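Encoded as structure tokens, the structure appears first; notes follow it.
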Amino acid sequence: MLEKIKETTTFIQSKITISPEVGIILGTGLGGLVRDIKNQQVLEYKTIPNFPLSTVDGHSGKLIFGELGGKMVVAMQGRFHFYEGYDMKQVTFPVRVLKSLGIKFLFVSNASGGVNPNFEIGDLMIINDHINLLPNPLIGLNIPELGARFPDMSDAYDISLIALAKKIAKKNNIKVQEGCYVGTTGPTFETPKEYQYFRVIGGDTVGMSTTPEVIVARHMKLPVFAISIITDLGVPGKIQVVTHEEVQEIGKHAEKKMTLIMEEMMQGL
Ligand code: HPA
């Protein structure tokens, strides 16, 4: 793995002149943030050695380097999901590469289903904890150069980044929820009882990504900020048929708020 990370990093550095300080992973329908990235340098995943290819609609598969809110960033437009058939090392490989490129912070976004009865469709939720129900991406031989065998997860989501996001949201009159994201394999959305189960175990939202990337980032001691857009509700009495298209459409509406928060956070880092 170390060799692969090195090979991919060297390739990227031979094509791109920007050294990013922040990595941003953009979720389903949330790629619009890249329009605000200035002086872009772009690499398509299909040209990058060792990178898997994104197979889902709404995930276009590019690394976009440039300036956002005065910081040099690299955004992943399109991520890799376990349900696509990649193994957990492939799903999380880009995070290893971003760290190797020099990022000091990882920002993550996703679309999710709300199971907290106080949530509404279109709400933003700052993730302050997670329950990972996917296979752990650190299973297997540990590579000490990357991190510890038994990484601590008590502070997976950086509290000072959460405080900064809340301050910015308040200043801009943006309603934000805060809570726990349950990461599942997908690709099915949940049955009513599954939504209820995720609520009972302590979840506020459920989705099919994010926890693998966060675990790998924390393995490397990267501070993480993550935010979720609630695209549907798994709350008794409010459950409706969910489609991927709907998730993308709602995401588009809410992403402006998310983009504003992330962009202003860059200035505050
Ligand atoms: N469940 C799982 N993943 C999701 C959902 C959901 O309801 N909405 C968006 N991603």
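The values are calculated or read from the model by the stated rules, or taken from the named source; none is laboratory data. Here the structure is a predicted model, which means the values were calculated and not measured. Positions of Cβ are generated from backbone atoms using ideal geometry, with glycine treated the same way; all protein chains shown enter the neighbour counts. These accessible areas exclude ligands, DNA and RNA; they are computed on the full protein's heavy atoms, side chains included. Shrake-Rupley method; radii C 1.70, N 1.55, O 1.52, S 1.80 Å.
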Seminar exercise, completed: Those strands (runs of 3 or more DSSP E) completely within the stretch 168-269 that have 3 or more residues that are under 26 Å from Q90 (Cβ atoms), of a type in the set (A, V, I, L, M) and more than 9 Å from the ligand (Cβ to nearest atom) are 224-233
Problem set entry | P144, sole failed condition from (1) surrounded by fewer than 23 Cβ atoms within 10 Å (Cβ to Cβ); (2) away from the ligand (no atom under 16 Å from the Cβ); (3) under 25 Å from E249 (Cβ atoms) | (3)
For this session: Only residues in the stretch 234-258 that are touching a residue at least 60 places away in the same chain (Cβ under 8 Å) and under 25 Å from A169 (Cα atoms) count as the first member; pair them with residues that are open to solvent by 90 Å² or more (accessible area, probe 1.4 Å) and more than 10 Å from the ligand (Cβ to nearest atom), Cβ under 7 angstrom, at least 6 apart or cross-chain, and list the lot.
Result: none
For this session: May I ask you to say which residue of E120, E84 is more than 15 Å from the chain's Cα centre (by Cα), closer than 18 Å to T184 by Cβ and within 16 Å of the ligand (Cβ to nearest atom)?
Result: E84
For this session: List every residue pair whose Cβ atoms sit under 9 Å apart, with the two residues 6 or more apart in sequence or on different chains, where the first one lies in the stretch 147-158 and is aromatic (F, W, Y) and the second, anywhere, is exposed (fewer than 15 other Cβ atoms within 10 Å of the Cβ).
Result: F150/N142
Exercise. Of all the residues that make up the stretch 114-131, how many are in contact (Cβ under 8 Å) with a residue 60 or more places away in the chain, in contact with a Gly (Cβ under 7 Å, 6 or more places away or on another chain) and open to solvent by 40 Å² or more (accessible area, probe 1.4 Å)?
Worked result: 1
Problem set entry | Subset of the stretch 35-51 (residues that are among the aliphatic types (A, V, I, L, M) and open to solvent by less than 20 Å² (accessible area, probe 1.4 Å)) | I37, L43, I48
Exercise. Could you say which residue among I12, I64, I18, I5 is among the β-branched types (V, I, T), under 23 Å from E264 (Cα atoms) and open to solvent by less than 20 Å² (accessible area, probe 1.4 Å)?
Worked result: I64
Seminar exercise, completed: Exception for K171 within (1) at pLDDT 95 or above; (2) open to solvent by less than 80 Å² (accessible area, probe 1.4 Å) falls at (2)
For this session: Could you tell me whether the stretch 46-62 includes any residue that is in a strand (DSSP E or B) and at pLDDT below 95?
Result: yes
